[in-house]
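The structure's right below; bear with me while I get my questions together.
The values are calculated or read from the model by the stated rules, or taken from the named source; none is laboratory data. What you see is a predicted model, and the numbers here were worked out from it, not measured in a lab. Cβ: placed from backbone, ideal geometry, glycine included. Neighbour counts: every protein chain shown.
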Amino acid sequence: MKRFSTIVMALALVLSLSQCKKNEQNNAENQGEAVTITLDVSGASTSTTTDGSRVIVNPATGTVNFENNDQIIVASGGKYVGTLTYNGSLFTGAISNATEGYPLQFYFLGNVTPAETLTSGVTESCSVVISDQTEHLPVISAAPSNENYTASTTDYTAHLLNKCALVKFNVTTASEAAICVTGFNNKVTVNFMENTLTNGQESNGVVTLPAGNGEKWAILLPNRALEAGEQGSAYSQDGVYIGTREAVPAVTENGYLSVGVEVNVTTEVNQGEVPVGAISGKFAINEEGNQVYFSQGNLQYQASTNTWRFAENQWDYVGTQHPNPNYGSAGGTVSGSDNYYISSTYDGWIDLFGWGTSGWDNGNVYYQPYDYERLTEWNAGDFGYGYGPTDGTNYMYDLTGAYANADWGVYNAISNGGNVPNMWRTLTSNEWNWIFNYRSTPSGIRYAKAVVNGVNGVVMLPDSWNASIYELNYTNRNDAPYTTNEITVEDWATLEANGAVFLLATGDRSGRLIEWNDTGLYWSVTHKNNVQSYSVCFTGSSLDCFNQVYQSLNYRHLGCCVRLVHSVQ
């Protein structure tokens with residue numbers, strides 16, 4: 001990977017890579033046989049190193065020296081054919097399935113491992129994400145060989161040109177963690193068939209800089225000019241501080257922006273103890289006593305602006321306005337916003353989501369929050385939701401660990417919840433189960449069915465709940481009707497001020513069909529099998545939540561509610 005000295009960076013004007021190959025004969029009988037080629041870069045720069053531990057940009061020639069284990073991907077005939085590895089003085093490696101009579105194509109991709117498996121003679125494209133620049137600067141460069149390939153010779157030359165730019169950031173921060181800035185192209189996709197590099201964004205266009213105050217350098221892909229970022233356009237990787245970055249001029253190939261983009265990350269996300277967008281009550285989620293805060297309301301999404309937010313009030317929900325005026329007459333609506341009109345361009349808000357539809361492109365069929373289709377057969381129709389391939393053989397993943405980006409709160413910035421990604425998350429099935437069935441509280445009360453401001457649901461009481469705050473009937477009873485507790489807006493203000501959380505009964509969505517009834521359905525990040533995942537499910541006469549007797553399962557295509565949590569530090 002590339003590491004640049006900041007002293008040398010300040011002088012660098014171009015970052016083109018000059019290299020040539022030296023001869024090494026290897027007679028191949030056919031195109032499929034491996035041919036060893038060697039790329040000599042030791043004499044390509046007037047700057048040299050003694051131990052290969054540093055990468056230096058020569059300000060006179062713009063040449064980049066390499067370090068051990070750097071890799072160059074080779075393509076030919078529109079397919080990947082091999083990889084060359086640097087050993088301290090030479091790039092060397094075997095290629096196979098190269099096409100006679102045409103140039104070889106060389107790609108240096110910052111020494112970042114491609115997301116795809118590369119198979120010689122088969123792979124036609126690959127992609128890398130260069131978000132993490134805390135230790136290395138991932139230069140992106142490419143070029144064809146000057147000579148056409150023949151299997152009888154390994155004598156080639158090439159001049160690799162940068163497809164990126166060197167940009168300086170001036171960071172002011174109160175955090176000791178790495179600093180993230182958003183809005184940039186941070187993903188490059190190489191099409192070997194077309195010999196093109198296409199830039200795009202992954203995870204809100206985050207580029208992560210090293211921790212600390214002062215001058216930070218980054219490799220940026222070509223990008224349009226960006227306006228000054230709002231609060232949350234820069235943040236500390238640990239989620240404790242947020243801030244802003246100033247406007248960034250257009251970034252071009254082989255560019256050099258040395259003025260310094262100002263970044264200020266000094267505002268604490270937690271206003272006092274409670275995070276922005278959270279209810280003050282603390283809820284234990286396991287036997288160890290770890291606790292979480294719940295968000296102020298259910299998760300909502302607007303496709304036309306790609307904006308996520310929490311509902312303003314805990315009883316707010318989107319509902320439906322089906323063209324048939326008699327449809328869904330059992331419930332109410334919110335003017336101008338409903339789940340029936342779900343689409344990629346809808347300018348209203350939706351709040352019923354298929355499992356794992358965070359917007360993270362995870363290789364599955366349906367990953368966008370506005371996806372509402374399903375495949376044709378009932379026993380295959382839910383494979384496309386959440387994380388996993390779609391061949392029907394390997395879907396046994398929760399939305400955690402390597403697949404956590406499929407969790408709505410991990411992947412997305414919530415506009416009224418701190419406005420940074422990785423601040424919120426969805427509970428696991430075991431955590432939901434602990435909250436409802438196993439927590440110890442001074443009052444002994446964990447939850448109660450209720451009607452709040454005319455909306456059916458379940459009131460969850462925090463670990464510290466004192467029964468004298470508000471009298472509730474039929475507590476901890478999953479068979480209780482909603483009407484056992486009818487709570488006005490005025491009374492709810494008292495409960496919420498003392499940490500109470502309200503889960504609404506809003507039904508679910510199948511495609512565009514809204515099943516609007518007295519059922520509440522809330523996703524967990526835990527899968528059951530290839531087509532089903534766990535959820536909280538409650539009605540006016542039941543509450544099922546992941547214990548060994550009652551297991552609430554839903555097909556992944558169903559649109560259910562999402563209520564995010566923030567870990568208590």
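Conditions: (1) modelled with pLDDT of 90 or more; (2) charged (D, E, K, R); (3) more than 22 Å from GLU67 (Cβ to Cβ). ASP132 meets all but one. Number of the miss?
(3)
If you check every pair at least six apart or on different chains, which have Cβ atoms under 7 Å apart with a residue in the stretch 282-302 that is touching a residue at least 12 places away in the same chain (Cβ under 8 Å) first and a residue that is in a strand (DSSP E or B) and of a type in the set (D, E, K, R) second?
Final answer for the pair search is GLN300/ARG309.
So, restricting to strands (runs of 3 or more DSSP E) that lie completely within the stretch 416-511, which ones have at least 3 residues that are at pLDDT 90 or above, within 28 Å of the chain's Cα centre (by Cα) and of a type in the set (A, V, I, L, M)?
Of the strands (runs of 3 or more DSSP E) lying wholly inside the stretch 416-511, those with at least 3 residues that are at pLDDT 90 or above, within 28 Å of the chain's Cα centre (by Cα) and of a type in the set (A, V, I, L, M) span 501-504.
To continue, here is another question. Kindly indicate the residue of the stretch 380-415 that is polar (S, T, N, Q) and crowded, with 21+ Cβ neighbours inside 10 Å and also modelled with the lowest pLDDT among those meeting that condition.
ASN405
Another one. Scan the stretch 258-275 residue by residue and report those that are closer than 17 Å to VAL240 by Cβ, of a type in the set (A, V, I, L, M, F, W, C) and surrounded by fewer than 21 Cβ atoms within 10 Å (Cβ to Cβ).
Residue satisfying the conditions is VAL274 alone.
Anything in the stretch 441-476 that is over 22 Å from VAL292 (Cα atoms), in contact with a Ser or Thr (Cβ under 8 Å, 6 or more places away or on another chain) and of a type outside the set (A, V, I, L, M, F, W, C)? List them, or say none.
ASN453, TYR470, ASN473, TYR474
Scan the stretch 222-232 and give yes if some residue there is touching a strand residue (DSSP E or B) at 6+ places or on another chain (Cβ under 7 Å), under 30 Å from VAL122 (Cβ atoms) and in contact (Cβ under 8 Å) with a residue 24 or more places away in the chain, otherwise no.
Yes, the stretch 222-232 contains a residue that is touching a strand residue (DSSP E or B) at 6+ places or on another chain (Cβ under 7 Å), under 30 Å from VAL122 (Cβ atoms) and in contact (Cβ under 8 Å) with a residue 24 or more places away in the chain.
Now for a different question. Residue under question is ALA94, and the condition is that it be buried (at least 20 other Cβ atoms within 10 Å of the Cβ), among the small types (Gly, Ala, Ser) and part of a strand (DSSP E or B); does it hold?
no
If the Cβ limit is 6 Å and pairs must be 6+ apart or interchain, which residue in the stretch 149-163 that is farther than 15 Å from VAL74 by Cβ pairs with which residue that is part of a loop (DSSP other than H, G, I, E, B) and aliphatic (A, V, I, L, M)?
Once the first residue is farther than 15 Å from VAL74 by Cβ and sits in the stretch 149-163, its partners that are part of a loop (DSSP other than H, G, I, E, B) and aliphatic (A, V, I, L, M) give ASN162/LEU15.
Just checking, how many residues over the stretch 148-194 are hydroxyl-bearing (Ser, Thr, Tyr) and either part of a strand (DSSP E or B) or buried (at least 22 other Cβ atoms within 10 Å of the Cβ) (or both)?
8
Conditions (1) closer than 18 Å to PRO138 by Cβ; (2) modelled with pLDDT of 90 or more; (3) surrounded by fewer than 23 Cβ atoms within 10 Å (Cβ to Cβ), marked per residue:
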position: VAL57; (1), (2), (3): yes, no, no
position: GLY77; (1), (2), (3): no, yes, yes
position: VAL81; (1), (2), (3): no, yes, no
position: GLU116; (1), (2), (3): yes, no, yes
position: VAL122; (1), (2), (3): no, yes, yes
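Same structure, new question: Against the condition surrounded by fewer than 17 Cβ atoms within 10 Å (Cβ to Cβ), part of a loop (DSSP other than H, G, I, E, B) and modelled with pLDDT of 90 or more, how does GLY88 come out, does it pass?
For GLY88, the condition - surrounded by fewer than 17 Cβ atoms within 10 Å (Cβ to Cβ), part of a loop (DSSP other than H, G, I, E, B) and modelled with pLDDT of 90 or more - is not met.
If you don't mind, another one. Given the conditions (1) touching a helix residue (DSSP H, G or I) at 6+ places or on another chain (Cβ under 7 Å); (2) crowded, with 23+ Cβ neighbours inside 10 Å; (3) within 23 Å of TRP308 (Cα to Cα), report the number of the one that CYS545 does not fulfil.
(3)
This table checks each residue for (1) touching a Phe, Trp or Tyr at 6+ places or on another chain (Cβ under 8 Å); (2) crowded, with 22+ Cβ neighbours inside 10 Å.
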residue	(1), (2)
LEU461	yes, yes
SER468	no, no
TRP492	yes, no
ALA497	no, no
PHE502	yes, yes
LEU521	no, yes
SER524	yes, yes
LYS528	yes, no
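Check whether at least one residue in the stretch 208-226 is of a type in the set (Asp, Glu), closer than 15 Å to ALA177 by Cβ and surrounded by fewer than 21 Cβ atoms within 10 Å (Cβ to Cβ), and report yes or no.
Checking the stretch 208-226: not a single residue is of a type in the set (Asp, Glu), closer than 15 Å to ALA177 by Cβ and surrounded by fewer than 21 Cβ atoms within 10 Å (Cβ to Cβ).
Among all residue pairs at least 6 apart or on different chains, which show Cβ distances below 6 Å where the first residue, located in the stretch 172-183, is closer than 14 Å to LYS216 by Cβ and the second is among the basic types (Lys, Arg) and assigned to a strand (DSSP E or B)?
Here the result reads VAL181/ARG245, each pair linking the stretch 172-183 to a residue that is among the basic types (Lys, Arg) and assigned to a strand (DSSP E or B).
If you take the residues in the stretch 548-567 that are in a loop (DSSP other than H, G, I, E, B) and either at pLDDT below 85 or polar (S, T, N, Q) (or both), which one is surrounded by the most Cβ atoms within 10 Å (Cβ to Cβ)?
Going through the qualifying residues, I end up with SER552.
Please determine, by comparing only the residues of the stretch 147-170 that are among the charged types (D, E, K, R) and within 24 Å of VAL81 (Cβ to Cβ), which one is modelled with the highest pLDDT.
So, considering only residues that are among the charged types (D, E, K, R) and within 24 Å of VAL81 (Cβ to Cβ), the one modelled with the highest pLDDT is LYS163.
Can you give me the number of residues within the stretch 512-523 that are part of a strand (DSSP E or B) and either more than 23 Å from PRO481 (Cα to Cα) or at pLDDT below 90 (or both)?
Of the residues in the stretch 512-523, 3 are part of a strand (DSSP E or B) and either more than 23 Å from PRO481 (Cα to Cα) or at pLDDT below 90 (or both).
Could you tell me which residue of the stretch 121-138 is farthest from ILE95 (Cα to Cα), considering only residues that are not in a loop (DSSP other than H, G, I, E, B) and not hydrophobic (A, V, I, L, M, F, W, C)?
Looking at residues that are not in a loop (DSSP other than H, G, I, E, B) and not hydrophobic (A, V, I, L, M, F, W, C), I get ASP132.
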